Amino acid sequence: MAAGIDSAGAALACVGLVGFALVLWRMLPGRNPWLIIPIAAAVWTVIAFALWKLRKNRILGRHPRRSVAHRSHAHSTH
């Protein structure tokens, strides 16, 4: 289960990395890299955190599984 959580976090961070790359691609040419790279890093962080928060609040991703006790109770009442 821990590996699944870890891989989900890595996937969300990768989406943030796409945001980082887009900011660099669109803003870096002809501008000061000392200014643009921190902006891109902030975009990466905000995107990754927002997606993590959405997933944590169950807005994004799979719905929670029912517990084993709940399933066994449901089968015994039928």
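The values are calculated or read from the model by the stated rules, or taken from the named source; none is laboratory data. Just so it is clear, the structure is predicted and the values come from calculations on it, not from any experiment. Ideal geometry is used to build each Cβ from the backbone, glycine not excepted, and the neighbour counts take in all protein chains shown.
When the residues of region 29-78 are narrowed to those that are assigned to a helix (DSSP H, G or I), at pLDDT 90 or above and small (G, A, S), which ends up farthest from the chain's Cα centre (by Cα)? Here the residue is A40. The single condition among (1) at positive phi; (2) surrounded by 10 or more Cβ atoms within 10 Å (Cβ to Cβ); (3) of a type in the set (G, A, S) that A42 does not meet is (1).
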